[in-house]
Each structure stands twice: as C-alpha cells, then as structure tokens.
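Here, each number is a calculation from the coordinates, and none is a lab measurement. From a predicted model like this one, the values you see are computed outputs, not experimental measurements. Don't worry about glycine lacking a Cβ; one is built from the backbone with ideal geometry, like all the others, and counts go over all protein chains shown.
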Amino acid sequence: MLDLRYVVENLEEVRAALARRGPTSKQSLDPIAALAPRRSVLMQRLQAVREEKNEANAAMAKLDKQSDEFKARRESLKRISDETKQLEAEERQVQVELEHALLMVPNLPAASVPDGKSEADNVEVRKHGEKPSFAFAPKDHVDLGMTLGIIDFDRGAKLSGARFSVLKGHGAHLERALLMLMLDLHTREHGYTEIWPPALVNDESLRGTGQLPKFAADLFRIAPDWQEGITTADKEPAPRRELYLIPTAEVPLTNLHRDEILDGDALPIKYTAYTPCFRSEAGSYGKDTRGLIRQHQFDKVELVRFERPATAEAALQELTGQAEAVLQLLGLHYRVVELCAGDLGNGAKRCYDIEVWLPGQNAYREISSCSWFGDFQARRARIRFRDKPGDKPQVVHTLNGSGLAIGRTLVAVLEQYQQADGSVRVPKALIPYMGGLELIK
RNA sequence: GGAGGAGUGGCCGAGUGGCCUAUGGCGGCGGACUUGAAAUCCGUUGAGCUCGCAAGGGCUCCAGGGGUUCGAAUCCCUUCUCCUCCGCCA
C-alpha cells in the first residue's frame, strides 16, 4: 500500500511511475484522486462538529438535571449529535472506499528497474556454471520419475485431481533431503531463524502481504461449515470466519510482526521456513500441464527479511545470493534475471528471478523469486520500528525470496544429473541427507 | 461440542453513565543528591489523523464491529482471543 499523503501530494509523479507497469496500473489511481479531497473536507467538518459537541456536553455535566435549561440544551444537543452521526457515517463510507482503492494500487517500481512490457524484456544479470552436456537425448523429469518409480502422477490425480502428484521411495526422500539441506544452509550459514508456521491464515494476514483483496482467485479458501448456523441478534447471518491455505510462507512469516513496533536494534530480522504452498492456478489452464512444474500443492523453503529502509536494497542482493547458494551447493546450472517494470509482481519495487536450467525442457525455468517490497507490505501490515525511545516509529522494509522451490529443485536435479541409462546421480552435498545413497536407479 | 470466567496504556491493575483530559504501581527516559552506584526525591512516558509558516491547537483510539444516550471504558447486541471444568481427539 502506498502512503496516501505521498500519493495525493505527488499525484503526477506517482502516476508516471505506475505507468511503467502498464496502463491498468496507472488507472488504479483515479478513484483515489477523486476520494481524497472529499475525505479531507469531511474530516475537517466532522472534527469541528465533534469539538463543539464535546464542549457542550462537558457543560451539561455541571447543570441541574431537573432544570429547564438542562432540558433546553439537551434538545439542541440532539441536533448536533445527529449531525455528528451523519457526518461520521459519510466519513466512514469514504474512508472504506479510499482504503479499498488504495489496497488495489500496485507498488512503484524502483528507478533502477529496466523498462519493459513482459517477461521477454527481463534482463539477464548473470549465469552460473555451464549447461550440462549429454551424449544422449536428455529426458524430462516426467519420464525419469515415472521410469524410476519415484513420481506418480496418475495416483496424484486419483487422490486429488489435476495438478497433484505423489512422490514415492527415493522421490519422497529426495524432497525431504532437499528441504533439510536448504533449511540447514540458511540457518547455519546465512543466519536465518527457523520458523514452523501455520499453513492456514486469516484474511488480515493475506491483506498484509498483498494477496488480498486483489488476487483472491489465486487462493484456496476454507469456510468452516460449523459456523453455518450462527446468526446475529438481528437474524442476519454472522460474518463467516474464513481461512485460506497459504500460497507461500511469505504470508505467515511477514505477518509474524503485523501490528508491531520493532526495536531498531533487532533489525535486520531474518526468518526462514519450510511450508507446503497452495495455489489455485486460476487462469493457467493448459500451461505446464505436464510434470511437477505447476502444481496446486508444492513445497518451498522461504526467506523473509525485515530491514531498515537504508539497507533494504542492498539486502536484496544478499538475499538473492543466499538463494543462489543452494543451487551452487547442488551444482546446478542457473541464471539470474532482473524483472522489467511490466513483469514486476504487484507489491515489488525490484525483483530478481533465479532460473534453473532444465535439459528436458531445453529452457531456463523460475526456481526462485527474490523481491524487495519497500514499505508496501509493512504499511499494509503496520510493521514499524523505532531506533530510540521517543523517536517516531518508521515503517520497515520487507523482502522475501524462495530459497528454493523444492519441487522444481527436484526436477532440476533429476534432469541435470540424469545418466544415459535413466538413473540419476545424487549431488554430492545431498548424499549425507540421502542416507549415503549415491545413485537413484 | 457443552458450561462458566476474563480482555483497560510497554507490564500489573483501579475504574458500574458526566468531576476520566483513565487513579495507582512497576518498568523506561531525564534530572537532583552521590567520588561512583544503590536507595530516595522531582519530572516525564503510547499510536494515528488533522489545522497551522511556526509556536501551538484540535479529533480519534479502553480486544474488533454495531447500537442506546445530550453524554459510554462503564449499558445492550455481536465477533474474536485467552483462561477453567466436562466431552472428544493426534
């Protein structure tokens, strides 16, 4: 969420920055430009009326309640009270509309972000390692996994439907080994604190990180039916308490400090967590239908940081490097691209995608996305910090990145480490986590 | 799932319709005393919004939301959270 005052005072500048994302983003500002002046006028009137009312009421307390004067004043106060209520209702309405409009506006891209309309305009920043060369036609992970008996797509579909799968034997073990390796690396080498959060969160949490209200269609929502029968005194149905399956651990990790003022000395705060992630993948019909690449449920180790504004952009570089370290440890070839303004995620100011090489697809595919959000999430979630007692609280900056998507890492290991006979070598760093197993065959 | 109880400032806790601009204590910060510290004493102590060049005003916030009233921390409705007991369960 952008700062309302900043938007109002710098309307054209903000509009220009949003235009870099595309025409739709630019238009999201229009309702705010219309509502903000109305709110301002209303607030001033309301405040004046309330002041008058407060003063008059204070005088009432000193009067004899039986006197005629008391009765007369009560009558006149009734009118002021009614006016106040009416103004309050109007103000509430404008406030709600303004809040909603503000929640729909995406973040401003950092000045350094390259121009561009789509994925095609992203800029390659660096490559690590070499594409593995094969003396045979490399298979994709679907062939490898099914032949080795370690991935079962048919039974995944039987249990849950399309975009679900089952890992079995060494496949299941590989998933577990990868998440262990990643958590160990980030906690031991990179100084992150390990968290094991809930996988179901409330709507307030999703608003904090920016998935709601704009991207509700991407989420799986749970409405407990035990609440079905509850009604309020007016026989209206009670608002349902809804929970959502997390699309990423970013949501619970970032919201850990929602509505808090952090001690400046505690910054930066760095959390990592393994969680399953759930995405409805609405609108992706026909895309990546084969294999593990795009599932409704997948595993991921996530990195989340809370930073001072001054150190946040540098922290993005460090964070990206920490995600890359996993791929380096596993000896996987990858490249890093910086997203252009048109491809940038809604809340991000700046973002690097790490793309791992998949020989079976003859393509680089995203395996991590590392973003700097500025104060966009922290303002929504009211996460602030204070350096010295007495200082004004400041909004923190948040960052997060996958470290890494485990399913896609498993795919990359299978495809990059495959051998002519269809067996797969276990990367050296993973062997201890695989109980000494060196070859999956 | 059933039956009770409770949510007040960083923390504890008083407050049962107007004298609440929220008592008191603890903690924090500043100062006095002291060679220094402790003890003691004095002062201070949240967040958001808004008017103003400023100095300085003003408004809102007692778990969240709604209501009653001229006036609500206090009364009513509702949601949430926590605690105790019973039941069930990994």
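Note down the relative contact order for the range A:4-103 as a percent, whole number, built from C-alpha pairs under 8 angstrom at least six residues apart.
38 percent
Roughly how many Å is it from the Cα centre of the range A:1-59 to that of the range A:81-103, as a whole number?
12 Å
How long are the semi-axes of the ellipsoid equivalent to chain A, from square roots of 5 times the Cα gyration tensor eigenvalues, in whole Å, largest first?
That gives 51, 24, 20 Å for the three semi-axes.
Considering only the other residues whose Cβ falls under 12 Å of the Cβ of residue A:334, what net charge follows from Lys and Arg at +1 and Asp and Glu at -1?
Local net charge: 0.
Calculate the radius of gyration of the Cα atoms of the range A:297-411 to one decimal place, then report Dmax, the largest Cα-Cα distance, as a whole number, both in Å.
15.9, 59
Helix A:30-60: angle to the longest alpha-carbon principal axis of chain A, degrees 0 to 90, nearest 10?
Relative to chain A, helix A:30-60 is tipped by roughly 40 degrees.
Convert 37 °C to kelvin, take the viscosity as 0.692 mPa s, use the Kirkwood radius over C-alpha pairs of the range A:4-103 as Rh, and evaluate the Stokes-Einstein diffusion coefficient in µm²/s, rounded to a whole number.
202 µm²/s
Given the Cα-Cα distance of residue A:438 and residue A:223 and 0.36 nm per residue of separation, how much length would full extension add, in nm?
Answer, rounded to one decimal: 72.8 nm.
Quick check for me: using +1 on Lys/Arg Cβ and -1 on Asp/Glu Cβ, what's the dipole size of the range A:264-399 about its Cα centre, in debye to the nearest 20?
460 debye
Once you place label points 7 Å from the Cα toward the Cβ at residue A:125 and residue A:196, how far apart are they in nm?
3.3 nm
Provide the gained length on full extension for the span residue A:382 to residue A:40, in nm with one decimal, where the gain is 0.36 nm per separating residue minus the Cα-Cα distance.
120.9 nm
Using Cα pairs under 8 angstrom and six or more residues apart, how large is the relative contact order of chain A, in percent?
Here the relative contact order equals 20 percent.
Could you work out the helix-only [θ] at 222 nm for chain A, with each DSSP H run of four or more residues adding -39,500 (n - 2.57) and the total divided by the number of residues, to the nearest 500 deg cm²/dmol?
Using -39500 (n - 2.57) per qualifying helix, the result is -12500 deg cm²/dmol.
Where in the range A:323-363 does the label zone of residue A:118 land, with the point 7 angstrom along Cα→C-beta and an amide N cut-off under 16 Å?
Residues A:340-344 fall inside that zone.
Which of A:245, A:404 has the fewest other C-beta atoms within 10 Å, and how do the rest follow up to the most?
A:245, A:404
Using the alpha-carbon atoms, what tilt in degrees (0 to 90, nearest 10) does helix A:309-330 show relative to the longest principal axis of chain A?
Rounded to the nearest ten degrees, it is 20.
Rank these for me by crowding, A:214, A:428, going from fewest to most other beta carbons within 10 Å.
A:428, A:214
For residue A:419 and residue A:282, what is the calculated FRET efficiency with R₀ set at 35 Å and r taken between the beta-carbons, to the nearest 0.05?
0.35
How far apart, in nanometres, would the label points at residue A:391 and residue A:104 be if each is projected 7 angstrom from Cα along the Cα-to-Cβ direction?
Modelled inter-label distance: 3.7 nm.
Which parts of the range A:37-58 would a label at residue A:77 reach, counting a residue when its backbone N lies under 11 Å from a point 7 Å out along Cα-to-Cβ?
A:53-58
Subtract the Cα-Cα distance of residue A:188 and residue A:329 from 0.36 nm times their separation in residues, and report this length gain in nm to one decimal.
Once the chain is fully extended between residue A:188 and residue A:329, it gains 49.4 nm.
By counting other Cβ atoms within 10 Å of each Cβ, how are A:333, A:141 ranked from fewest to most?
By the 10 Å Cβ count, ascending, the order reads A:333, A:141.
Given Cβ point charges of +1 (Lys, Arg) and -1 (Asp, Glu) and nothing else, what value in debye, to the nearest 20, does the dipole of chain A about its Cα centre take?
So the dipole magnitude of chain A works out to roughly 280 debye.
Enter the angle in degrees (range 0 to 90, nearest 10) between the Cα long axis of helix A:406-416 and the first principal axis of the Cα atoms of chain A, meaning the one along which they spread out most.
20 degrees
Give the lysines reachable from residue A:53 as a straight Cα distance under 28 Å; neighbours fewer than 8 places away on the same chain don't count.
Reachable lysines: A:62, A:65, A:71, A:78, A:85.
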